[in-house]
Structure formats: C-alpha cells, structure tokens
Amino acid sequence: MKARIHVFLKPGVLDVQGKAVEAELHTLGWDGVSDVRIGRAIEFQIAGDDPNRARDEVNRMCERLLANPVIEGYRVEVA
Amino acid sequence: MKAAVLVFPGSNCDRDCKVALERSVGAQVSMVWHKETELPSGLDLIVLPGGFAYGDYLRCGAIAALSPVMSAVREAAAKGIAVAGICNGFQVLCEAGLLPGALLRNVGLKYVCKFVDLDVVNGQTRFTAAFGETRTARMTMGNGEGNFFADESTLDRLEGEGRVVFRYRENPNGSARSIAGIVNGAGNVLGVMPHPDRAFEAALGSSDGALVFQSVMASA
C-alpha cells in the first residue's frame, strides 16, 4: 500500500515561506491569492493489506517523527 | 568540572564548545558520539552543540532527538545534571521534549549571523548566577531557524515561572516575546539560540558567554 502524508504548519503559526511566496505571486499579478501555506508531502510504501491498520501505524509515525505536534498538523492518506 | 559535548553527524560547534569549556572554566571535556548509549560518569554538564545535526533533514533537531545518546541525556537530566543546548542543540532539546516550544524559520527568511545584545532576565539560574548584578550579555547568533515559538499559555507559564533566561534587546528573528533562551521546570536544562561558546574571551568580541559556563561550574 502507498501512504501519503501532508504536513503543514498549524493555523496561527506564522508561515514565513508562505508569506514570501504570496508576496511574489502578488508581484507577478495574481492579486487574488491569499493565505499561502507551504507544507511538505511524504510518501512511502507500507507492507500489509489492511488500510485501517496501516493508517494507525502512519499516524503513530507522525506523532513520533514525521510531524512536530507543537507546530504542525498532518493529514494521512493510505491507498 | 567534568563536561561532555555530544557530537551528531553535522554538528559544527562541538570543538568550539570543548575549547570554550576548557578555557573558560578549565573543564575536563569528553566528546561523545551520538551512537553511544552511555555517558561518562560524574558529569557536571552535558552540552548539545550548534550545527546542522543530520543536515536539518525533516525538521531541525528531529532526527538527532531520537539518537541513541538522547536516552542517556534524558536520564541524566532527570537526575538533575545540567544540560545546555546551544543553537541547534536548543532545537534538539525541543524536539526531544526536554524543553517546551519549537524553533521556526526566521521572520525575514534570512540566516542571521551577528552580535546580539541580550537581557539576562533571570540571573538566579544554574546557567546565569555568575552574571551577578550584570543584567546584559553580548553574544553572537547564527541561525536560520531560531524563531522561538510556543503557544500563549506556554509562554505565560515560562514567564510566570521565571524560565525565560535570555531575551533579545532587539528581536532579530521574530522570536515570541523576544525569547532567546529558556530553562525547563527543574531549572537544569537550558536552551539558548545565541552562542556562549563563541563569546568566551575578549578576543572574540565578548567574554560574556564564559559567565554561563562559570555559573554551571559554581553550581556543580
């Protein structure tokens, strides 16, 4: 199975990269852009054939290593 | 005084810390590779140095925080041995959960490397007692992700418990409440973004950093 995880800064945590990219998009003329947030995507193969169990495992990986719960949220997809 | 300096792959201030400890307080310093599972006996201080442990991969300090040696550091900290994380070492201690908060990308997105003037907010800690009546310190900082973040209630608690140790006089990177250094609840674990190890004698532009090490020695 393939796991795909999106990690992003929590709402309320200033995303300075997002701010810089947003300013640049405005400079290029896309004035309608707002709330740019930059996160990271992590993908890997995970053994087994039970998606629910795999999702639980991946959630644990996020808590232990892949995300920092002080500043980051995450979203897990397993397929 | 006996001290250990941890060495992670990508640490680059480990030797600076060793020299700073030897010259400022005559410490006997062991360099401890991160794969070790035990620390030398009789330590008075464990230093997590600056640098880019594991290339800052994933998040600064995230992988180093899970290194084998960190279990021994956790045990030593629980026993009350002084632990100081400087710059990347501060990031590692936050990731390891030994200090609250996290260090975010600097506001302005720049790596900031310069002298900074600090207020010594709490001069009663194991890391600041030697400052005496002096309430300011000058050290250099060098970081791209030194922007201290914690939620408001954590910040209130840190302030209320006297755990904010150093504060920038002019905030260089967006750190919450201009915080440059904090201690844990027991007062034996310090995290500081500016470098006492780069300011331990006048020839370096400031000797104020030596007072941090002298404070630890006096409490040992």
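The values are calculated or read from the model by the stated rules, or taken from the named source; none is laboratory data. Computed from a predicted model, the values in this text were never measured in an experiment. Neighbour counts run over all protein chains shown; Cβ positions are idealised from the backbone, glycine included.
Values computed for the structure shown
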quantity: A:Leu25, sole failed condition from (1) part of a helix (DSSP H, G or I); (2) within 14 Å of chain B (Cβ to nearest Cβ); (3) out of contact with any strand residue (DSSP E or B) (no Cβ under 9 Å at 6 or more places or on another chain); calculated: (2)
quantity: Members of segment B:53-78 found to be under 13 Å from B:Phe8 (Cα atoms) and either touching a residue at least 60 places away in the same chain (Cβ under 8 Å) or touching a Phe, Trp or Tyr at 6+ places or on another chain (Cβ under 9 Å) (or both), listed by number; calculated: B:Ala53, B:Tyr54, B:Asp56, B:Cys60, B:Gly61, B:Ala62, B:Ile63, B:Ala64, B:Ser67, B:Val69
quantity: Matching residues, segment B:101-126, being more than 14 Å from every other protein chain (Cβ to nearest Cβ), under 18 Å from B:Gly89 (Cβ atoms) and not β-branched (Val, Ile, Thr); calculated: B:Cys113, B:Leu118, B:Arg126
quantity: Some residue of segment B:172-188 being of a type in the set (Lys, Arg) and closer than 24 Å to B:Cys13 by Cα; calculated: no
quantity: Residue tally, condition aliphatic (A, V, I, L, M) and more than 21 Å from B:Ala82 (Cα to Cα), over segment B:189-212; calculated: 3
quantity: Answer from B:Ala64, B:Ala129, B:Ala96, B:Ala84 - the residue that is more than 14 Å from chain A (Cβ to nearest Cβ) and more than 17 Å from B:Ile179 (Cα to Cα); calculated: B:Ala129
quantity: Filter result (part of a loop (DSSP other than H, G, I, E, B) and either polar (S, T, N, Q) or within 14 Å of chain A (Cβ to nearest Cβ) (or both)) within segment B:169-201; calculated: B:Asn171, B:Pro172, B:Asn173, B:Gly174, B:Ser175, B:Asn184, B:Asn188
quantity: Residue under evaluation A:Val33, criteria (1) at pLDDT below 95; (2) part of a loop (DSSP other than H, G, I, E, B), criterion not met; calculated: (1)
quantity: Check on B:Ser24, over 23 Å from B:Ala203 (Cα atoms), away from chain A (no Cβ under 14 Å) and of a type in the set (Gly, Ala, Ser); calculated: no
quantity: Segment B:65-77: number of residues that are of a type in the set (Gly, Ala, Ser) and under 17 Å from B:Gly42 (Cβ atoms); calculated: 3
quantity: Yes/no for B:Phe166 being within 14 Å of chain A (Cβ to nearest Cβ), part of a strand (DSSP E or B) and of a type outside the set (Gly, Ala, Ser); calculated: no
quantity: Subset tally (residues that are within 14 Å of chain B (Cβ to nearest Cβ) and surrounded by 15 or more Cβ atoms within 10 Å (Cβ to Cβ)) for segment A:39-79; calculated: 13
quantity: Some residue of segment B:10-17 being more than 14 Å from every other protein chain (Cβ to nearest Cβ), of a type in the set (A, V, I, L, M, F, W, C) and either touching a residue at least 12 places away in the same chain (Cβ under 8 Å) or surrounded by fewer than 23 Cβ atoms within 10 Å (Cβ to Cβ) (or both); calculated: yes
